[in-house]
Amino acid sequence: MMKKALIITYYWPPAGGSGVQRWLKFVKYFRDFGIEPVVYTVENPKYPILDESLAKDIPQGIEVLRLPIWEPNNLFAFFGKKKTESAGFINPNPSFFGKMLQYIRANYFIPDARKFWVKPSTVYLKKYLKSNNIDVVITTGPPHSMHLIGLNLKKELNIKWIADFRDPWTEIDYFQQLPLTNKAVEQHHFLENKVLKNADAVLVVGKTMRENFSAFNSNVITVTNGFDEEFGDTIAELDPKFTMTHIGLMNADRNPQMLWEVLSEIVLENQEFAADFELKLIGKSDASVIADISRFQLSKNVQIIDYVTHDKVVEFQKKSQVLLLIVNNVPSAKGIITGKIFEYLMAKRPILAIAPTNGDLAEIIKETEGGLVVDFDDKQTLKLAMLNLYAKFKQGNLTADSKNIAQFHRKELTKKVSELIFKITE
């Protein structure tokens with residue numbers, strides 16, 4: 001018997017970037033496992049990144065419900081902050097007005113600036129659910145306001161509800177940087193705990209988050225992110241230069257000072273390396289990153305590409321000699337699993353990660369034999385790893401053969417989510 005799932009998400013095509021892909025891909029494959037999806041999203045979103053190419057993954061004939069949203073971010077543009085700027089970039093040196101705006105956003109828009117969509121969405125969806133047969137409501141955050149919609153519907157209609165955390169709430173990498181009052185911190189924790197305790201199931205992307213959330217809910221399930229390309233695709237011709245490619249945001253917390261130092265040293269010591277090496281940063285890079293690249297005299301070796309469509313991202317990954325992965329150097333780093341790791345594994349190119357060697361990400365790389373993880377302050381190991389990769393490149397045997405990665409295909413992951421839906425709606 002077919003089950004019907006209502007997915008509440010802020011990010012939906014034409015949104016680009018990583019936030020949209022998890023549930024877009026689940027929706028893509030749900031019908032294969034007896035789930036009919038209905039998507040509820042915003043009518044007038046202000047997405048940081050657009051990617052029209054992702055629309056091809058929306059299954060034909062699915063119902064998409066939309067409701068307008070009022071976003072206070074629109075007002076912030078008048079004070080010099082782009083209204084579409086990603087939350088991952090927090091200005092470390094704001095102007096006076098910038099400080100005021102950061103304070104207001106942090107303490108008056110809890111859990112986030114989409115909070116004004118919660119009440120109208122609750123009213124709209126209560127009416128919809130009363131006249132349509134829906135078996136389960138699924139909310140995905142961030143923005144975590146989506147979970148408050150699910151919480152309201154659970155309380156008022158007692159419908160089955162799954163809360164999906166693509167990223168943590170109070171443990172997210174930039175939470176500690178926000179100018180939060182003690183009262184605001186308490187409010188965030190209060191709302192987070194309320195969501196966790198009332199959901200029928202909680203989905204998370206990694207082991208550390210599952211362990212943290214299990215104190216509040218006995219039904220916390222790990223379903224990682226993944227990749228959606230098929231095996232057996234034509235093998236891309238590798239870049240002729242010794243290329244290293246990083247996909248995604250490179251914000252201030254992800255600015256790898258140790259890497260710039262190592263690369264600067266090798267470039268000065270080895271003229272051949274200096275001629276062969278090229279680093280490609282694909283995605284938005286913080287001003288501090290660009291400044292450090294210049295300061296370490298690496299500008300000639302670095303190509304910065306603001307954004308490309310997801311199709312092009314896959315091409316870059318498959319052609320690159322090495323794939324670079326940087327985890328934010330923050331207190332919660334152990335639990336960070338960047339979504340790009342799974343597509344890196346699919347590309348079957350050697351991965352060099354700078355991340356906690358005892359973290360969730362390191363565990364995945366070790367299990368799949370996908371590459372090497374170097375700790376944040378282990379400069380000697382990083383330099384040796386870089387020289388070793390370069391030596392293999394020069395010898396023509398720089399290869400990778402990632403193992404056990406079929407489990408991370410989006411279709412396999414959708415199967416796990418579908419099994420959970422059937423289990424909680426029996």
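Bear in mind these aren't lab numbers, they're just calculated from the coordinates by the rules spelled out. What you see is a predicted model; the values in this text were computed from it and never measured. Cβ: placed from backbone, ideal geometry, glycine included. Neighbour counts: every protein chain shown.
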Under the definition of Cα pairs under 8 Å and six or more residues apart, what whole-number percent is the relative contact order of segment 14-78? 43
Assigning unit charges at the beta carbon (Lys, Arg +1; Asp, Glu -1) and nothing else, what dipole magnitude in debye, to the nearest 20, does the chain show about its Cα centre? 1400
Among Tyr344, Ala291, Leu268, which residue has its Cα positioned farthest towards the positive end of the charge dipole of segment 242-395, with +1 placed on the Cβ of Lys and Arg, -1 on the Cβ of Asp and Glu, and the dipole taken about the Cα centre? Tyr344
Lys pairs in segment 242-395, Cα-Cα under 12 Å, at least 8 apart or on separate chains: how many? 4
Can you spot the lysines whose alpha carbon is less than 21 Å from Lys3's alpha carbon? Ignore those fewer than 8 places along the same chain. Lys25, Lys28, Lys126, Lys127, Lys130, Lys154, Lys160, Lys411, Lys415, Lys416, Lys423
Normalising by the residue count of segment 242-395, find the relative contact order in percent from Cα pairs under 8 Å and 6+ residues apart. 24
For segment 281-408, with +1 on Lys and Arg beta carbons and -1 on Asp and Glu, the positive-most of Gly396, Gln317, Tyr307 along the dipole: Gly396
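Note down the relative contact order for the chain as a percent, whole number, built from C-alpha pairs under 8 angstrom at least six residues apart.
15
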Charged-residue dipole, Cβ positions (Lys, Arg, Asp, Glu), segment 242-395 about Cα centre, Debye nearest 20: 340
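Suppose R0 equals 35 Å; then what is the FRET efficiency for Lys197 and Met2 from their Cβ-Cβ distance, rounded to the nearest 0.05? All intermediate terms of the calculation are to be shown ahead of the outcome.
Values: r = 30 Å, r/R0 = 0.86.
It comes out at approximately 0.70.
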Ranked packing of 183-194, 393-404, most packed first, by mean Cβ within 10 Å: 183-194, 393-404
Leu67 versus Asn270, label points 7 Å from Cα toward the beta carbon: distance in nm? 5.8
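Pop the C-beta distance of Lys155 and Ser214 into the FRET formula with R0 = 25 Å and round what comes out to the nearest 0.05.
Details: r = 23 Å, r/R0 = 0.91.
For R0 = 25 Å, the calculated efficiency reads 0.65.
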